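As structure tokens, the structure follows; a few thoughts come after it.
What follows is calculated from the coordinates using simple rules that are stated; it is not laboratory data. From a predicted model like this one, the values you see are computed outputs, not experimental measurements. Glycine gets a Cβ as well: all are built from the backbone with ideal geometry, and neighbour counts include every protein chain shown.
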Amino acid sequence: MRHPIILALALGLGLAACSQQTQDNAAATLDAARNDASAATDNAMADIGNATADVRAATGNALEDAGNAIGNAADTVKH
């Protein structure tokens, strides 16, 4: 009866000893995941900002082209 108890205690102490290393590894893994997620979010926000600037420029160009077309059409009607 004593052998299973001693074995259980030895296993428990072994698990407790590696528990700190397991916790450290888990913390390092979480830190790496957080850093990766942060970098991905930063990149996504930069991409959104660039896309927004591109849309604004394209819209401005389209409006300018439309205004020129209307002005040209008005000039054609006058003549």
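Taking one quarter of the surface of the convex hull spanned by the alpha-carbon atoms of the range 32-79 gives a direction-averaged projected area of 2.7 nm². Once the Cβ-Cβ distance of residue 69 and residue 42 is raised to the sixth power relative to R0 = 30 Å, the FRET efficiency obtained is 0.15.
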